[in-house]
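**Student:** Dropping the structure in here first, questions after.
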Amino acid sequence: MGSTNPLNIKDTRRPMLEAYPGIPKIVPWIPLMDGVPTPVQELDILSKQFPGHAIYIKRDDLSSSIYGGNKPRKFEFLFADAMAKKKDTMATAGGTGTNHGLASVMFSNALGLKSKVYMFKQPLTWGVQRKLLMYVELGAEIKLVANYGELAFRGLWEMLAHPRSYLMLPGGSPLFGLGTVAGCLGFVNAGFELAEQVKSGAMPEPDRIFIAAGSTGSVSGLILGCKLAGLKSKVSAVRVSANIVTNTASIQRNIRNTLKLMRRADPGVPEVALVYPGDFEFLDSYLGSEYGCVTRAGQDAVDLVNRLEGGKGFHLETTYTGKACAAMLDHLRAIPKDKGETALLWNTYNSRDLSHLVGDVASTYPRLPKAFHQFFDLKMTCWQYKDNACESPRGCPAFQSDDNRCWLVKAAHGQDTTRCVDCSTRKEIEGHLAIEDA
Ligand SMILES: Cc1ncc(COP(=O)(O)O)c(C=O)c1O
């Protein structure tokens, strides 16, 4: 397989692999994360707004200094599989704002692989534009597809015409039961990691864990990992993409197949039965009209947490973590405070600063393939307007930041936003960012 530690990661201990040492002998694995175990922290300021309850966060945003979030956990198995198969290119797919695609390109670059990302349209936000600009700096090959039919065709073509390409399905999880569950193992390990943290007193055993469910690999692995590691916490899967992909059947199938893979590799892995509903629940009402849309509940959760807890070095976004957080807050609001619960929000979104990869909008986007230029017809931040009201947008803390609503970033930095409140440019960009009442 070449080097078994190509990034020279110092701490290569993974509690699941220690519990079941047969697994890495059979299933390819390489260490890629230099930030595990990711910390758990109480969100003490937010908790005060929910008397009787305690809210914690699992800081997976710090999982890797290359790109944090949930992806590196899966990549330790998926990139290892690609390298074991002597592939030289990592090809994957996602929406135009895909975190998975971006993470895949960044790890491919670090590992000396070529990369390709096939993309389908999703609702336009500054976050989407910002990520597209990064591909220019990263030198990745990106292609826009018209629909899921074309995506399937491209995937098939990739396998047939480019035998040295490794095809990683969107999100790094099986799709309709096809593809490997190896990535889910990364989240089985995450369950073991949390169990160790609970045991060592870093946090009480959570009553519930809230996590965004897209391609469902993360939540499936986590449910199985918590069970195998002896945690009694109930995992709440918050659906953030289309029902056809994100559903209870796909979670149950992933769990079954992951367990099968683990037991084949290490007979010491016990047979466990997971019941739905019971061991986990599936929360279905936070998506809005489509994948990637901004909902009122999601945006409000993002704003609340970023305002209260933004000083801790992470922030939520509206496609995944904001929706998971909205579900958690609704759950806590519905529970009497004398039945106080401990809730854990699994922060799956990267917090490493990538602003050095974001070039000037006007001069960078023309370097993207022509099909992507349409996503820059609308200006989604004030500094994209030449005649904006700010004297010096480059001096503003919101300049090139990750947030879709730049004036809130400024407020969060304690700066005067009187000028922004009345600014006609702000009103125009707020109009571009359609927020759904969901
Ligand atoms: C930030 C973030 N959270 C959660 C998810 C969902 O994870 P999964 O696809 O494993 O369900 C993704 C997937 O792209 C993501 O980017």
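Derivation of every value follows stated rules applied to the coordinates shown; laboratory data play no part. Worth saying up front: this structure is predicted, and the values here are computed from it rather than measured. All Cβ positions, even for glycine, are placed from backbone atoms using ideal geometry, and neighbour counts span all protein chains on display.
**Student:** Out of residues 5 or more away from Tyr56 or on other chains, whose amide H comes under 5 Å of its own, with H placed 1.01 Å from N in the peptide plane?
**Tutor:** Residues meeting the criterion, in which the H sits 1.01 Å from N, are Leu43, Ala343, Leu344, Leu345.
**Student:** Show me the ranking of peptides 124-130, 329-335 by mean Cβ neighbours inside 10 Å, starting with the highest.
**Tutor:** For the peptides 124-130, 329-335, the packing ranking is 124-130, 329-335.
**Student:** While we're looking at this one, here's another question. So which aspartates and glutamates can Lys312 reach, going by Cα to Cα under 15 Å and dropping same-chain residues fewer than 8 places off?
**Tutor:** Glu42, Asp44, Asp60, Asp61, Asp303, Asp353
**Student:** Continuing with this model, one more query. Rg to Rh ratio, the chain, alpha-carbon atoms and Kirkwood radius?
**Tutor:** 0.95
**Student:** With only alpha-carbon atoms counted, please give the Rg and Dmax of the range 315-422, in Å.
**Tutor:** 18.4, 58
**Student:** Further, regarding this structure: Which entries in Lys85/Lys323; Lys58/Lys199; Lys10/Lys71; Lys114/Lys410 show an alpha-carbon gap greater than 26 Å?
**Tutor:** Cα-Cα > 26 Å for Lys85/Lys323; Lys114/Lys410; rest within.
**Student:** A follow-up question, please. With only Lys, Arg, Asp and Glu charged, each at its Cβ (+1 for the first two, -1 for the last two), find how big the charge dipole of the chain is about the Cα centre; round to the nearest 20 debye.
**Tutor:** Dipole of the chain, to the nearest 20 debye: 1100 debye.
**Student:** Can you give the local net charge around Ser233? Use residues other than it whose beta-carbon is closer than 12 angstrom to its beta-carbon, Lys and Arg +1, Asp and Glu -1.
**Tutor:** Taking every other residue near Ser233 into account, the sum is 0.
**Student:** Right, here's the next one. Taking the number of other C-beta atoms within 10 Å as the exposure measure, put Leu316, Leu151 in order starting with the fewest.
**Tutor:** Leu151, Leu316
**Student:** Whole-Hz Karplus ³J(HN,Hα) for the range 25-32, in order, using 6.51 cos²θ - 1.76 cosθ + 1.60 and θ = phi - 60°, x for Gly and Pro?
**Tutor:** Ordered by residue, 3J(HN,Hα) equals 6, 10, 9, x, 8, 10, x, 10 Hz.
**Student:** How would Phe376, Phe187, Phe210 line up from fewest to most surrounding beta-carbon atoms within 10 angstrom?
**Tutor:** With the fewest neighbours first, Phe376, Phe187, Phe210 line up as Phe376, Phe210, Phe187.
**Student:** Okay, helix-only estimate at 222 nm for the chain: each DSSP H run of n ≥ 4 adds -39500 (n - 2.57), divide by all residues, round to 500 deg cm²/dmol; what do you get?
**Tutor:** Calculated at 222 nm, the ellipticity per residue is -11000 deg cm²/dmol.
**Student:** State to the nearest 20 debye the size of the charge dipole of the range 72-172 about its Cα centre, where the only charges are +1 on K and R beta carbons and -1 on D and E beta carbons.
**Tutor:** Dipole magnitude for the range 72-172 comes out near 40 debye.
**Student:** Translational diffusion coefficient of the range 72-172 at 20 °C, 1.002 mPa s, Stokes-Einstein with Kirkwood Rh over Cα pairs, in µm²/s as a whole number.
**Tutor:** Answer from the Stokes-Einstein relation: 158 µm²/s.
**Student:** For the range 323-372, compute Rg over Rh where Rg is the Cα radius of gyration and Rh is the Kirkwood radius from the inverse mean 1/r over Cα pairs.
**Tutor:** 1.34
**Student:** Please list the non-local residues whose amide H lies under 5 Å from the amide H of Phe120, H modeled 1.01 Å from N, same-chain partners needing a gap of 5 or more.
**Tutor:** Amide H neighbours of Phe120: Gly94, Gly95, Thr96, Val145.
**Student:** Quick one: order Glu281, Glu137 by neighbouring beta-carbon count within 10 Å, fewest to most.
**Tutor:** Result, fewest neighbours first: Glu137, Glu281.
**Student:** Of the options Gly186, Leu144, Thr216, report the single residue whose Cα projects farthest towards the positive end of the charge dipole of the range 120-216 (beta-carbon charges: Lys, Arg +1; Asp, Glu -1).
**Tutor:** Farthest along the dipole direction, towards plus: Leu144.
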